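Following: one structure in structure tokens, then a few remarks.
The values are calculated or read from the model by the stated rules, or taken from the named source; none is laboratory data. Predicted, not measured: the structure shown is a model, and the values here were computed from it. We place every Cβ from the backbone using ideal geometry, glycine too, and count neighbours over all the protein chains shown. Surface accessibility is based on the protein's heavy atoms, side chains included, excluding ligands, DNA and RNA. Shrake-Rupley method; radii C 1.70, N 1.55, O 1.52, S 1.80 Å.
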Amino acid sequence: YTQAFNTARCWPTRAALLTGYYPQAIGRDALPGGRGGAQGRRPEWAKLLPERLAAAGYRSYHSGKWHVDGDPRRQGFARSLDVLGAGQSNFFDPGGVTEDGAPLAARGDFYVTTAIGDHAVACLAEHARDHAGRPFFHYVAFTAPPFPVQAPADVVAKYRERYLAGWDAVREARAERLRAVGIVTTPTAEREPDVGPPYQPKPETLARLGAGEVDRPHPWDSLTDEQREFQATKMAIHAAMVDVMDREVGRILGQLEAMRALDDTLILFVSDNGASAEIMIRGEGHDPAAPPGSRKTFLCLGPGWSAAANTPFRRHKTWVHEGGIATPWIVHWPKGIAAKGELRRQPVHVIDLVPTVLEIARVPEPQSHSSPPLHGRSIAAAL
């Protein structure tokens, strides 16, 4: 789907994705008067998708970031690997991750993207072994790749030289490729040299990150050698994060294939927001002397590479320009979709996922005086 949309930020998109309602209507995005937002609570009638699928006998699993209010296991999920706030601020820290409510044991080779894949594969294998007669729903929510940019050093090494050409050249090449295959038809948005992170970093933050950091998308050829090296390294780490996530997606698909379930499983891939221009330091802080991308560092992509990652669109995560709300939306279901490799131009939104899945699973949409109709619309017929 070439015109697919999210809500430009993580927690509102996840609420919309799992309920079928706009996040403002269910207390999961900011409203006038200080109501709603990240700490808002959903009304009782805004149930999550696995609770609704239970009526059709589905067993549901969650692997990854949650960022929705409440305990996943009390809202329809039989199993949950929950990446909490600490786990979102450090990809190498198992202390920020729980499995079915219990902290993960410490291990030296921990990397959260791999842990999410491990859990997803294990849940599917368990389902095939112990619950083969029941259909399943699995919500796999990777935390990669917004920030911090952290990845195993051997994977980063694969991309070490790739981005030395800079964000201007990369953006131009990506735009040309996207237009060549027909995914986008629009011209590339002009550079906005005065638009930096959505929350301007404090001077002490920039000082801590060092002279290589740049908080504006200046022309690449105007940067110093130190800045170009530093920025290209950050993008190499970002690419490595996507590389590892790709591997884990492949492992999940391999498990579905081993279960002989791949052809008849509806798979949807979406993102919760566009690439992030944010620059900050969280978690354990940032050690400038540590190898970039390692546990002791806290680096962010920043506006230069975020603009390239959002090619050809304007702006970034948190803005509701296309750079914030446009999402890749890939659907795979060989037994349910005759077409292969097609581009679909129909506009779709994350609120459409719940009604689509309910229709395919033959679960009636909620109808009661206390529950308003879902805001999303099923695209099952369009599939």
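The table below gives the values:
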read-out	value
Solvent exposure of the chain as accessible area per residue, Å², 1.4 Å probe	46
Positive-end residue, the chain charge dipole about Cα centroid, Cβ charges, pick of Met241, His286, Ile252	Ile252
Surface accessible to a 1.4 Å probe, Val242 within the full protein complex, Å²	50
Average Cα contact separation per residue, the chain, under 8 Å, 6 or more apart, as relative contact order %	24
Residue-count net charge about Asn310 - beta-carbon cut-off 11 Å; Lys, Arg +1, Asp, Glu -1	+4
Segment 243-273: trypsin sites (Lys or Arg not before Pro) in DSSP loop, at most 16 other beta carbons within 10 Å	Arg260
Total formal charge among the other residues, if their Cβ is under 10 angstrom from that of Lys335, Lys/Arg +1 and Asp/Glu -1	-2
Unit charges on C-beta of K, R, D, E only; dipole of the chain, Debye	840
Relative counts (whole %) of C-alpha pair distances in segment 1-160, using bins that are 10 Å wide	10, 34, 35, 18, 3, 0
Additional length obtainable on full extension of the chain from Ala153 to Ser368, 0.36 nm per residue less Cα span	72.0 nm
Shape call, the chain: gyration tensor on alpha carbons, a/c limit 1.5	prolate
Cα-based reach from Lys47 at 12 Å (exclusive), listing aspartates and glutamates while leaving out same-chain residues under 8 positions away	Asp69, Glu365
Rounded to 5, percent antiparallel among DSSP beta bridges of the chain	40
Among Ala38, Ala239, Ala290: highest mean-square fluctuation, GNM of the chain, C-alpha pairs under 10 Å	Ala290
Anchor Lys65: aspartates and glutamates whose Cα lies under 13 Å away (excluding residues fewer than 8 positions away in-chain)	Asp82, Glu99, Asp272
Loop-located trypsin sites (Lys or Arg not before Pro) in segment 100-206 whose Cβ has at most 13 other Cβ within 10 Å (DSSP)	Arg107, Arg162
R0 of 30 Å, Cβ-Cβ distance Ala258-Asp287: FRET efficiency to nearest 0.05	0.10
Residue-count net charge about Ala56 - beta-carbon cut-off 11 Å; Lys, Arg +1, Asp, Glu -1	+4
